[in-house]
Amino acid sequence: MTDPTATAATRWDGKLFRSGSWLPGLGTETLASQEKSTSRTLASQALATEADVDAAVTAATTAQPGWAAAGYDVRAGLLRRVARLLEDRADDYVDWLIRETGGIRGKAEYEVGAACNELYEAAALTSHATAEVLPSHNTGKLNLVQRVPVGVVAAITPWNFPLVLAMRVVAPAIALGNTVILKPAELTPVTGGFLLAELFADAGAPPDVLQVLTGLGPQAGEALVRHPGTTMIHFTGSSRVGQHIGSVAGGMLKKVSLELGGNNAFVVLDDANVEAASMVGAWSSFHYSGQACISASRHIVAASVADAYIAALAARAKGIVVGNPLDDGVNLGPMISETQRDRGLDLVKRSVDQGAELVEGGTFDRLFVRPTVLSGVTPEMPVYLEEVFAPVAPVIVVDSDEEALRLTNDSSYGLVHSVFTGDQARGLAFAEQVRAGMVHVNDTTCLDEAHVPFGGFGLSGSGGRAGGASNLDEFTERRWIGLQRTPVAYPY
Ligand code: NAD
């Protein structure tokens, strides 16, 4: 297979995607993006300045009314063409994703497929009703409630599933008549930014419907949030940065959508099939080295099955092959960065210092971290309290369903939880008492479907939902137009 990363980079190296083409930024600083397994440089990203942001917002504001006025079939056609191009280029884009995110081939293939689904779902959104007629208590009155685009959407996105998490915002926002400025994470400018720019350009998107500004969060990202011309901020990332963005953009009374972190529970009740639960539990914590917002961060296990569950989980962890994801047979690639690796291992160390037992793993070589199982975890320990975001499965033992439920809900986050049981009715009853945006019975926490509302409670988000028809509420405003068709008499 040819390596698409060997020759492609020059067209976007040091450039920003503006006016439908690759243009030099107004600043001179650049930052390399590296292949995570080898540290080889894949691309050089320009670091957008405040002046670049200003120019992009002006262009997006100018382009937006024309794009909103384009027929629904024109907008749908663009999104379908982008989807077909992505399908055609899947092999190359999978390669980019493997190298730039460090994920294995299956994860990269999932991402490309999921991004296509986002595009087709978004194309279908364009033909949803754009207005409704409501009754009036006034004779002869027509109450028309229209959906209108929000305007200029700034999309600030993370590195872990860079292609699909960017497409999840870009596609529906564009479908509904907005223009978008995308700022991908610094660790994944190609797969979170350049590839999307290339797809939309090659599919014939009008200039400035999508612009991609690479750059640093506290500079380019902050400038997008603070610019008065960005009418909506859509942020996917950490709760810490999300809280900051929420306070700045909220203070400016902008529309803000925040998709944030989680401290997700994987609950195993006493009647669960331990082998099946350990397989799904291992996947939920170790898939992509636990670096998903929906990874399982705490395994809450009934005492009567805990020893068997911990042994089965540790055996699965031991069997996982860690290495370069381009090599055959590798289950887990490198972590994204030394910072993420050290943060995860520090949570493990501090928890072991407080009495947790290291059952499996806990070691690393460069960015390659062995899947780790901890037992004897208590609610005071760092691995229990914080989002782990590393291949670590902390196990907490409980004596009853009530205690399992209390611990599941004992978190400021509320993104997703799973419960494993032999009794579906018991699982459903448990799920109905869980405080989170998503709950799965007898399945992994790591699930997302393009047409289903995705999002969380509390520190996990601002209440909005991504996916399918929820995107109508995310990316449009309502406008009430009243038409009085018969004369009305007022007192004076
Ligand atoms: P992060 O918050 O560090 O960065 C996310 C994005 O924000 C990046 O593009 C970054 O450059 C930008 N940014 C940083 N500081 C900024 C600032 N002051 N102003 C504007 N933008 C700024 O998060 P990350 O490390 O890239 O991603 C991991 C986090 O994302 C985890 O907490 C994970 O749970 C969360 N996440 C949530 C979802 C979801 O859908 N709920 C999905 C994926 C990841």
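The values are calculated or read from the model by the stated rules, or taken from the named source; none is laboratory data. All figures in this text were calculated on a predicted structure; none of them were measured in a lab. Positions of Cβ are backbone-derived with ideal geometry, glycine not excepted, and every protein chain shown enters the neighbour counts. The accessibility values were calculated without ligands, DNA or RNA, using every heavy atom of the protein model including side chains. Shrake-Rupley method; radii C 1.70, N 1.55, O 1.52, S 1.80 Å.
Residue 268 satisfies every condition listed in (1) more than 9 Å from the ligand (Cβ to nearest atom); (2) more than 30 Å from residue 423 (Cα to Cα) except (2). Restricting attention to the stretch 231-262, the residues that are more than 11 Å from the ligand (Cβ to nearest atom) and either of a type in the set (A, V, I, L, M, F, W, C) or open to solvent by less than 10 Å² (accessible area, probe 1.4 Å) (or both) add up to 4. Tally the residues that are within 16 Å of the ligand (Cβ to nearest atom), hydroxyl-bearing (Ser, Thr, Tyr) and part of a loop (DSSP other than H, G, I, E, B), restricting the search to the stretch 323-366. Matching residues across the stretch 323-366 total 1.
Taking the stretch 1-118 and the strands (runs of 3 or more DSSP E) fully enclosed by it, the elements with 3 or more residues that are touching a strand residue (DSSP E or B) at 6+ places or on another chain (Cβ under 9 Å), under 19 Å from residue 197 (Cβ atoms) and open to solvent by 20 Å² or more (accessible area, probe 1.4 Å) are at 21-24, 30-34. When we screen 153, 164 for residues that are closer than 30 Å to residue 35 by Cβ and open to solvent by less than 10 Å² (accessible area, probe 1.4 Å), the only hit is 164. Assigned to a loop (DSSP other than H, G, I, E, B), without any contact (Cβ under 8 Å) to a residue 40 or more places away in the chain and over 18 Å from residue 268 (Cα atoms): is that true of residue 452 in this structure? Yes, satisfied. Are any of the residues in the stretch 288-302 out of contact with any strand residue (DSSP E or B) (no Cβ under 7 Å at 6 or more places or on another chain) and part of a helix (DSSP H, G or I)? Scanning the stretch 288-302 turns up at least one residue that is out of contact with any strand residue (DSSP E or B) (no Cβ under 7 Å at 6 or more places or on another chain) and part of a helix (DSSP H, G or I). Scanning the stretch 209-224 for residues that are at negative phi, buried (at least 23 other Cβ atoms within 10 Å of the Cβ) and within 8 Å of the ligand (Cβ to nearest atom) gives 220, 221, 224.
Scanning the stretch 367-406 for residues that are open to solvent by 30 Å² or more (accessible area, probe 1.4 Å) and part of a strand (DSSP E or B) turns up just one, 397.
Regarding residue 194, is this residue within 27 Å of residue 146 (Cβ to Cβ), among the aromatic types (Phe, Trp, Tyr) and either near the ligand (Cβ under 8 Å from one of its atoms) or open to solvent by less than 10 Å² (accessible area, probe 1.4 Å) (or both)? Here the answer is no, as residue 194 does not meet what is asked.
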